[in-house]
1. Out of L48, I257, T91, whose Cα points farthest toward the positive end of the dipole of the chain (charges: +1 Lys, Arg; -1 Asp, Glu; placed on Cβ)?
2. Can you give me the Rg/Rh ratio for the chain, using Cα atoms for both radii and the Kirkwood formula for Rh?
3. Using the Karplus curve 6.51 cos²θ - 1.76 cosθ + 1.60 with θ = phi - 60°, work out ³J(HN,Hα) for each residue of the stretch 67-73 in order, rounded to whole Hz, and write x for Gly and Pro.
4. Let me have the 222 nm mean residue ellipticity of the chain computed from DSSP H runs of 4+ only, each contributing -39500 (n - 2.57), with the sum over all residues rounded to the nearest 500.
5. Around K123, which amide H atoms from residues at least 5 apart in sequence, or from another chain, sit under 5 Å from its own amide H, with H modelled in the peptide plane?
6. Given H placed 1.01 Å from N in the peptide plane, which residues other than close sequence neighbours of S67 have an amide H under 5 Å from its amide H?
7. From Cα pairs below 8 angstrom and at least 6 apart in sequence, can you work out the relative contact order of the chain, rounded to a whole percent?
8. For the stretch 45-161, what's the radius of gyration and Dmax over Cα atoms, in angstrom?
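The values are calculated or read from the model by the stated rules, or taken from the named source; none is laboratory data. This one's a predicted model, so the numbers in the text were calculated from it and none came from an experiment. Here the Cβ positions follow ideal geometry from the backbone for every residue, glycine too, while neighbour counts run over all protein chains shown. Just so you know, the surface numbers come from the protein's heavy atoms only, side chains and all, with ligands and any DNA or RNA stripped out. Shrake-Rupley method; radii C 1.70, N 1.55, O 1.52, S 1.80 Å.
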Amino acid sequence: MSSVPHRFSARSFPQTLATQALDEALASGQRVPVLAISGLQGSGKSTLAAQVVELARTRGLRAAALSIDDVYLTRAQRQRLADRVHPLLATRGPPGTHDLPLALATLDAARAGQAFALPRFDKLADERVPEAQWERIDGLDLLVFEGWFLGTPAETDDALREPLNALERDADPQGTWRRWCNRALAEDYPALWRRCDRLWFLQPPGFSVVPHWRWQQEQALQQAAPGRTGMNRAQVERFVQFYERVSRQALRCLPDIADRTIALDAQRRVPA
């Protein structure tokens, strides 16, 4: 089984951190524990997930990593949402743009020790990888599930009244899109959060670092696939605005929800 070779690799975290994460997950008492690693875009959650997976394998355990990004709706499915609900739903990212039945079925199969296939999403193509190319898993002892807003609760209706950024002001003046996403977060995602046995949160110093982190991530994606077109800096800046509202909600709430919060500095380092 591969870890997550197609993903952006930030600087590795201290091995003691990966050890703590693995030990805490295994101590959950579940047959196949699911360790959730939550962190805003570019925070290094896929890097930590890969470290935990590799460490688990050195102990003779069967382990794999899954990202919530890998269960995005297909482009055609998102376009149907855009046509029916709001044009901004064509863009992947916010709550409501994931295939939750696929995510739930994948986590349930992993937790039950069954064989399953790991979904994958091609971010440069903005499309789900064909199922025939998904990695087959015969059974696991640990699943590491990472994502940018895992465990985040919905906002109150009052919090949605005023636009948060230029994207919301110009493209969602009536609040239709943000209310639809928030409703999905309130009603549909808690079932997914309940499949997670331990939740770790990689906490950045603030949202202001996220555009830069996401631009680094985009550059790494493009360097790993020469000749393929990705986003430029301006497009990344706008793209991050799709995530800003829920990201700020995660920053407010997850330190009180997560089993462990790891504070990061602007270089993604864990302060001594």
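1. The listed residue farthest towards the positive side: L48.
2. 0.94
3. Whole-Hz 3J(HN,Hα) from phi for the stretch 67-73: 9, 5, 5, 7, 10, 4, 4.
4. Taken over the chain, the calculation gives -12500 deg cm²/dmol.
5. none
6. Result for S67 returns E146.
7. Computed value for the chain: 27 percent relative contact order.
8. Computed over the Cα atoms of the stretch 45-161, radius of gyration and Dmax are 16.0, 52 Å.
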